[in-house]
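The structure under discussion appears below in the form of structure tokens.
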Number of protein chains: 2
Amino acid sequence: MTAAIHGVDAARVHEVAGLLAPHIRQTPLIPAPSGGFLKLESLQPTGSFKVRGFFAAAHLIGRDQVARGLLTVSAGNAALACAYVARELQVPCRVVMFDTAPALKVNGVRALGADAVLMSRDHLLEWVATRAWERDPEVFIHPFASEAVITGHSSIVPEILADLPDVERVIVPVGGGGLICGIALGFAALKPGVRVVGVQSEGYPLWQRAFAVNGPPSLTPDTIADGTSAPFDPVMFERLGSLVHEWVAVPEATVRRTVASLATDVKVVAEGAGALAYAAMVDGRSSPGTVAILSGGNLDGSRLAELLTE
Amino acid sequence: MTAAIHGVDAARVHEVAGLLAPHIRQTPLIPAPSGGFLKLESLQPTGSFKVRGFFAAAHLIGRDQVARGLLTVSAGNAALACAYVARELQVPCRVVMFDTAPALKVNGVRALGADAVLMSRDHLLEWVATRAWERDPEVFIHPFASEAVITGHSSIVPEILADLPDVERVIVPVGGGGLICGIALGFAALKPGVRVVGVQSEGYPLWQRAFAVNGPPSLTPDTIADGTSAPFDPVMFERLGSLVHEWVAVPEATVRRTVASLATDVKVVAEGAGALAYAAMVDGRSSPGTVAILSGGNLDGSRLAELLTE
């Protein structure tokens, strides 16, 4: 796999957005109480942006390959999206997940008819490092490094531009980095000059630390933003280095408070990862031209209750 | 006050919608997991549909009258809307509220710079019955019986039609009845034949009971749908009798469960009243042409946490 992604020009972004239109939602962009706007990807089918990438990948792979079934590895939201796309295409699906994934994500995958294989973090990281999927019968869709997945995520950009033509800055939560790479490529194609800000929790500031030490840092996730717990990946490191203009790390306590304030003040449910960009926006980045991506809302009810009463 | 509301024709509905456009949001209509659609009035400024009616009323009253300040009486959401409109127009505001109103609503009113006067239910109902506002210096806006408020609520109808031209049925939570009267008038003007369904909790089925006994029933609210705790009003009784096609009462336990499932499955926060229409839709009314109005999302975080862990 090479790091550079070519061919994501304006025509390609619009083509992918058109391809996805029947399968996904054009999510609302709502004004935030702080100023700026929130893009509610939590309202996508399966509760996160991930359906964009997985539908795009499944379309690009082609019917005969897809008929073998889909396979992915995921902190949860990619698993849900993969299972949803497989069900829509009426093919089998298997997902490898952390055994610490929220019950709502694991149960959701199974409710969609997919096979959820739970592994410890060490076991799962080894499964990824050895590219175990190459020995499996299904088509493997990499949840964030796949070029097709990343190109699928660029479909969010025409939607933002339709609602806010004067957008100046977009704040994006970062796990593996697929979403922010897709968004950065989309803006580079359609409105160069929009500033792309990546945000993580201080409970797992993987990429900030990676750029500081210029390589894989030694970090274990300790964050409610479980959706951002992807491991270091050298290809994504190179892509993020060239596509992201600024990095922000939000204190874990702020992420927790932000989930609660999104519920009580904005009336929307965000999971930890989904709250990151709004937390960064409230912290001095709430100009009228700023969009924060609320990437997902898959949070166990018991966890949301806990955050609401802290 | 007469019951019949004249002059709400198609031109008038569009005129009011145009008047309100700079001040309110065109809220998203999202597909519901059950089938059908949800209109997210919870995403309005102040977290409920009420800003539509209060902006319309303030505009129609005229600047010189409005300069005296605004006064209303409210279970909470009308109070928030009145305070918000007064702040936008830079005039004083005073609201009379139940002393049992959720803290989020009382604190919200005060945060908007208005004076919140808390009364026991008996005291407040007496204040209303004696039309105490006529002795007060401010302009009184009746939170649900005002024709201007009702006409303001009709502005939701062109938005629904723009997103779902083939709408066949709309399910609306009912407290005092201002929202459903506005919606019924709007559809009568723009798409006659759309079925208008009113929904309340079995914890306070005021209007169902009123139509059963053909007059004011003896009922005390025992429901988390605090936004529907308005008293019987003979003018509204007559209007509802002529405008609403069907009534539904949802068991209180279902309302509570629905608040939780809206948060975990749909990723939106609804207060008790806001969950009523979705509860009625899930219960056998989820055809593709059905819209449930999610009227508001002003719920104390502690209450939401309680419902999430039941």
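Evaluated with a Cβ-only charge set (Lys, Arg +1; Asp, Glu -1), the protein assembly as shown carries a dipole of roughly 540 debye about its Cα centre, given to the nearest 20.
Summed over qualifying helices (DSSP H, 4 residues or more, each -39500 (n - 2.57)) and divided by its residue number, chain A shows a 222 nm mean residue ellipticity of -12500 deg cm²/dmol.
Sequence-distant contacts, meaning Cα pairs under 8 Å at least 6 residues apart, place the relative contact order of the stretch B:1-143 at 20 percent. Semi-axes of the equivalent ellipsoid of chain B are 26, 22, 19 Å, computed as sqrt(5λ) over the eigenvalues of the C-alpha gyration tensor in descending order.
With all projection directions averaged, the alpha carbon convex hull of the stretch A:152-310 covers 9.1 nm². Counting only Cβ charges, +1 for Lys and Arg and -1 for Asp and Glu, the dipole size of chain B around its Cα centre is about 360 debye.
Please identify the DSSP H helices in chain B that span no less than 24 Å along the helix axis (Cα) and have a mean Kyte-Doolittle hydropathy of -0.5 or more.
Numbers: long enough: none.
None clear 24 Å together with a mean of -0.5.
Size descriptors for the stretch B:201-289 (Cα atoms only): Rg and Dmax, in that order, 13.9, 40 Å. Placing a label point 7 Å from Cα along the Cα-to-Cβ axis, B:Pro251 is separated from the same position in the other copies by 4.6 nm, shortest listed first.
The charge dipole of the stretch B:41-178, taken about the Cα centre with unit charges on the Cβ atoms of Lys, Arg (+1) and Asp, Glu (-1), comes to about 340 debye, rounded to the nearest 20.
Relative contact order for the stretch B:210-295: 27 percent, from Cα pairs under 8 Å spaced at least 6 residues apart, divided by residue count.
Summarised as an ellipsoid, the stretch A:176-217 has semi-axes of 24, 10, 9 Å, derived from the eigenvalues of the Cα gyration tensor scaled by 5 and square-rooted, with the largest first. The residues of chain B present an accessible area of 36 Å² per residue when probed at 1.4 Å with all protein chains retained.
Here the stretch A:118-191 was treated as a single set of alpha-carbon atoms; its pair distances binned every 5 Å from 0 give 3, 15, 19, 18, 14, 11, 8, 7, 5, 0 percent.
Across identical copies of the chain, B:Pro92 has label-point separations of 7.5 nm, listed in ascending order, with the point defined 7 angstrom from Cα along Cα→Cβ. By accessible area, using a 1.4 Å probe on protein heavy atoms only, the stretch B:92-155 has 52% of its surface on carbon and sulfur. Spherically averaged projected area of the convex hull of Cα atoms, the protein assembly as shown: 26.7 nm². If you look at the Cα atoms of the stretch A:71-161, you get an Rg and a Dmax of 13.5, 42 Å.
At a probe radius of 1.4 Å, figure out the B/A buried accessible area, summed over both chains, and give it in Å² to the nearest 100.
Looking at B and A, the buried total is near 1700 Å².
D by Stokes-Einstein for the stretch B:216-264, Kirkwood Rh over Cα pairs, 10 °C, 1.306 mPa s: 122 µm²/s. Per the Debye calculation on the stretch B:1-47 with a single equal scatterer at every Cα and no solvent contribution, log₁₀ I(q)/I(0) for q = 0.13, 0.14, 0.23 Å⁻¹ amounts to -0.50, -0.56, -0.90. Loop only per DSSP, at most 16 neighbouring Cβ atoms within 10 Å: give me the trypsin sites (Lys or Arg not before Pro) in the stretch A:239-286, ordered by residue number. Hits after loop and neighbour filter: nothing returned. Paramagnetic label reach from A:Ser218 (point 7 Å along Cα→Cβ; backbone nitrogen cut-off under 19 Å): within the stretch A:118-133, residues A:121-123, A:125-126.
Towards the positive end of the charge dipole of the stretch A:1-153, with charges on Cβ (+1 Lys, Arg; -1 Asp, Glu), say which of A:Val66, A:Gln90, A:Ala148 has the farthest Cα. Result: A:Gln90.
If I take all pairs of Cα atoms in the stretch A:5-136, what percentage of them are more than 17 Å from each other?
Working: 5481 of 8646 pairs.
So the pairs more than 17 Å apart make up 63 percent of the total in the stretch A:5-136.
As a length-normalised measure over Cα pairs under 8 Å and 6 or more apart, the relative contact order of chain B settles at 23 percent. Between copies, B:Glu310 shows label-point distances of 2.6 nm, shortest first, with the point placed 7 angstrom from Cα along Cα to C-beta.
The values are calculated or read from the model by the stated rules, or taken from the named source; none is laboratory data. Note that the structure is predicted; figures quoted are calculated from it, not measured. A quick note on method: Cβ atoms are made from the backbone with ideal geometry, for glycine too, and the neighbour counts reach across all protein chains shown. All accessible areas refer to the heavy atoms of the entire protein, side chains included, with ligands and DNA or RNA removed. Shrake-Rupley method; radii C 1.70, N 1.55, O 1.52, S 1.80 Å.
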